[in-house]
Amino acid sequence: MPEQPISPFKYLWQFHYPFQYWDNRLEKINRYNEADKLEALYSLVQITDIYAHVFAAYAQNPEMPWFFVAEETYRGDIDNVLESLRTDGIATVGTLSEDLDGLATVEANEEFDINEMDAVAAGLLGCPHEIDPENVEFDFIEDPDLHRGVSNAILDFAENNVALLNDFKHGFRVLPVTPAQLRGMLGNQFQLREEQRDDFETQIDELEERLGEDEWGFSFIRLSTESTDYGYECSIDLYHVDAWACYKFAELTLNALYNLVTPQGGMPLEESLSEVPVPVLEGEEVLFDHIFGLAFPLRDDPETIVPEEEFRS
């Protein structure tokens with residue numbers, strides 16, 4: 001009896017996913033190119049978001065992820081998947097082993113000595129393993145805990161940085177700045193009270209010292225607005241970024257994405273994982289620190305700054 005032919009859509013998804021594009025893009029990041037520091041952050045935000053979409057598709061239907069990634073991975077769908085997997089406040093991929101409503105059912109082959117959590121790592125996340133059907137043996141080449149932990153870290157980063165992703169998607173509201181440029185704005189654009197000015201100058205001095213010690217560091221400003229009864233509150237938030245950690249985390253995420261999409265999977269993650277700072281993966285440190293924030297009240301006309309006396313009255 002002839003084998004059931006593979007769906008052309010599934011074949012294209014599994015064997016023609018554009019990993020080479022992202023690999024090429026990351027390879028082009030040059031430590032001596034100042035602009036590539038932002039590229040490292042941008043690539044990480046984009047690739048982790050792609051991973052979250054693809055993971056949510058597989059978690060709902062591993063047989064037709066190419067279909068689900070188009071129809072069932074809107075922001076609300078991804079949030080629902082992560083909420084279903086949440087344990088102690090964190091989405092944990094091993095929870096898929098608990099036969100959750102609306103998500104794929106994971107079953108381990110009873111002939112082999114493997115539990116459902118490890119089946120998630122092998123069958124869904126693509127953790128390297130070997131199967132000996134004759135002797136009914138199943139051996140992991142790499143620790144399944146490592147692959148589940150990497151997936152957890154990627155999903156956690158993607159979930160916590162949706163706002164930054166939107167800053168990039170909607171008008172690229174991420175603006176690189178230097179301490180010298182910030183000092184120039186203090187003298188012209190920023191009209192601050194004396195105590196605010198002193199605090200801001202201190203933060204700029206500390207940022208400048210930090211950037212001088214960190215070859216892969218850079219700083220950026222995010223712009224945001226919030227509607228109020230008097231018009232708008234516009235915020236400017238300053239961040240410091242560890243671009244090297246972003247770059248290595250992006251490489252790790254791309255490898256994990258490869259294992260998720262391709263049927264053979266099996267790419268080891270330990271080497272690329274070792275280059276990402278452990279405190280970052282464990283959530284003890286962040287890839288970018290909030291340094292300082294300023295809020296400016298505006299009337300309905302965004303060109304008009306509300307005078308301090310009026311705002312405080």
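The values are calculated or read from the model by the stated rules, or taken from the named source; none is laboratory data. If you're wondering where the values come from, they're calculated on a predicted model, not measured in any experiment. A quick note on method: Cβ atoms are made from the backbone with ideal geometry, for glycine too, and the neighbour counts reach across all protein chains shown. Just the protein is used for accessible areas: all its heavy atoms, side chains included, with ligands, DNA and RNA removed. Shrake-Rupley method; radii C 1.70, N 1.55, O 1.52, S 1.80 Å.
Observations
- Applying the condition of being free of Cβ contacts under 8 Å to residues at least 40 places away in the same chain and within 21 Å of ASP242 (Cα to Cα) to the stretch 170-203 and asking which residue is surrounded by the most Cβ atoms within 10 Å (Cβ to Cβ) yields GLN181.
- Exactly one residue out of ILE47, ILE6 is at pLDDT 95 or above and either open to solvent by less than 20 Å² (accessible area, probe 1.4 Å) or in a loop (DSSP other than H, G, I, E, B) (or both), and it is ILE47.
- Hey, PRO268 at pLDDT below 90, surrounded by fewer than 17 Cβ atoms within 10 Å (Cβ to Cβ) and within 22 Å of ASP156 (Cα to Cα) or not: no
- Condition check for VAL54: in contact with a Gly (Cβ under 9 Å, 6 or more places away or on another chain) and modelled with pLDDT of 95 or more: no
- Which numbered condition GLU39 misses (of (1) within 17 Å of the chain's Cα centre (by Cα); (2) touching a residue at least 60 places away in the same chain (Cβ under 8 Å); (3) surrounded by 19 or more Cβ atoms within 10 Å (Cβ to Cβ)): (2)
- Meets criteria (closer than 30 Å to ASP139 by Cβ, in the same structural domain as THR262 (by the TED database), touching a residue at least 60 places away in the same chain (Cβ under 8 Å) and assigned to a helix (DSSP H, G or I)) for ASP23: yes
- Residues of the stretch 12-27 satisfying the condition of being more than 20 Å from the chain's Cα centre (by Cα) and open to solvent by 100 Å² or more (accessible area, probe 1.4 Å): PHE15, HIS16
- Residue that is nearest to SER272 (Cα to Cα), among those in the stretch 192-235 that are part of a strand (DSSP E or B) and within 22 Å of the chain's Cα centre (by Cα): GLY217
- Residue within the stretch 28-35 that is touching a helix residue (DSSP H, G or I) at 6+ places or on another chain (Cβ under 9 Å), of a type in the set (D, E, K, R), under 23 Å from PHE249 (Cα atoms) and at pLDDT below 95 present: yes
- Residue in the stretch 248-257 that is within 16 Å of the chain's Cα centre (by Cα) and open to solvent by 20 Å² or more (accessible area, probe 1.4 Å) present: yes
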